[in-house]
Amino acid sequence: MKKLKLDTVDSTNEYLMREAGNLPAPILVAARCQTAGHGQRGNSWESAPGENLTFSILFRPEEMQPPLQFYISEAVALAVVDFLAVHGIEAKVKWPNDIYVGDRKICGILIRHSLAGEYISFSVIGVGINVNQTEFVSDAPNPVSIAMVTGERYDVDNLYDLVADCIERRLESIGDDDRRSAIHREFMSRLWRGDGAYYPFTDTATGEHFSAAVDCVSTSGPITLRLADGSFRTYSFKEVSFDI
């Protein structure tokens with residue numbers, strides 16, 4: 001995978017959305033500092049300059065239709081889990097694609113797709129992994145970094161090759177139905193709070209707080225929760241939140 005490193009940019013995701021037509025794929029674009037880095041739900045992503053991995057990848061899937069796009073999310077999330085495992089960290093995927101260590105967030109992923117006809121023309125995969133940062137000043141409730149888990153500091157520039165390799169290998173595994181099915185099974189096995197126990201949730205439309213167990217995640221992305229009375233509820237992105 002080719003790599004392009006920038007000193008400062010508004011957002012690596014925005015940069016690739018603007019420049020996708022001028023760049024080869026796959027390519028990883030990294031930035032020491034993002035002045036307007038994005039997180040899920042329109043949040044900003046807090047990252048001290050030079051302390052963390054902040055990058056985006058331009059990916060062009062082969063003849064992938066939009067209903068299959070969640071496989072890209074699953075593959076990237078599992079790739080980050082692979083990357084953290086190299087550093088002795090056991091991580092889980094918090095639906096839809098945050099990466100958690102215990103009950104603390106170590107990585108955020110934001111993916112945007114561009115369509116051409118009936119297929120995905122390209123995807124821009126934004127990733128922020130907390131590496132050396134140990135103090136967080138935003139109102140994010142539960143951040144953690146690799147350094148906070150291991151007690152060591154890292155040369156961030158030397159980590160890009162490894163994380164790029166992990167992501168490229170996983171993305172190569174979504175090219176046919178059998179391998180996509182295997183990715184989904186592994187995603188389910190790595191799901192945070194996917195152990196069948198009951199946990200607190202909030203319905204974001206109504207504000208209702210309720211307890212439920214994760215029943216399954218569809219290959220198209222929505223999550224199905226099982227309530228104590230045996231009923232089920234299915235939610236798409238942003239329609240339900242886990243209570244920490």
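Read-outs: derived from the displayed coordinates by stated rules, not from any lab. Everything numeric in this text was worked out from a predicted model, so none of it was measured. Neighbour counts are summed over all protein chains in view; Cβ atoms, including those assigned to glycine, are modelled from backbone coordinates with ideal geometry.
Modelled this way, with points 7 Å down the Cα-to-C-beta line, the labels at residue 121 and residue 87 are 3.6 nm from one another. Taking Lys and Arg as +1 and Asp and Glu as -1, the other residues whose beta-carbon sits under 12 Å from that of residue 23 total +3. Secondary-structure-derived ellipticity at 222 nm for the chain, considering helices only, amounts to -7000 deg cm²/dmol, per-run term -39500 (n - 2.57) for DSSP H runs with n ≥ 4. For the range 199-242, a simple Cβ point-charge model (Lys and Arg +1, Asp and Glu -1, everything else neutral) yields a dipole of about 100 debye relative to the Cα centre. Each residue in 73, 236 was given a count of other beta-carbon atoms within 10 angstrom of its own, and listing them fewest first yields 236, 73. Legend: Rg and Dmax of the range 178-237, from Cα coordinates, 12.4, 39 Å.
Extending 7 Å from the Cα toward the beta-carbon at both residue 208 and residue 6 defines two label points whose distance is 4.4 nm. When +1 charges are put on Lys and Arg Cβ atoms and -1 charges on Asp and Glu Cβ atoms, the dipole computed for the chain relative to its Cα centre reaches about 80 debye. Sorting the segments 227-233, 102-108 by their mean number of nearby beta carbons within 10 angstrom, highest to lowest, gives 102-108, 227-233. Under the criterion of Cα pairs below 8 Å and six or more residues apart, the relative contact order for the chain equals 17 percent.
Other residues whose C-beta falls under 13 angstrom from the C-beta of residue 176 contribute a net charge of -3, scoring Lys and Arg +1 and Asp and Glu -1.
Tell me, how many Å apart are the Cα centres for the range 55-90 and for the range 171-212? One Cα centre to the other: 14 Å.
Counting lysine pairs in the chain that sit 8 or more residues apart in sequence, or on different chains, and whose Cα atoms lie under 18 Å apart gives 4. Sorting the segments 52-59, 89-96 by their residues' average number of neighbouring beta-carbon atoms within 10 angstrom, most packed first, yields 52-59, 89-96. Protection proxy ranking of 157-164, 13-20, by the mean of other Cβ atoms within 10 Å over each peptide's residues and highest first, is 13-20, 157-164. Please work out whether the chain counts as rounded, prolate or oblate from its C-alpha gyration tensor, where a ≥ b ≥ c are the square roots of the eigenvalues and a/c under 1.5 means rounded, while otherwise a/b larger than b/c means prolate and anything else oblate? Here the chain falls in the oblate category.
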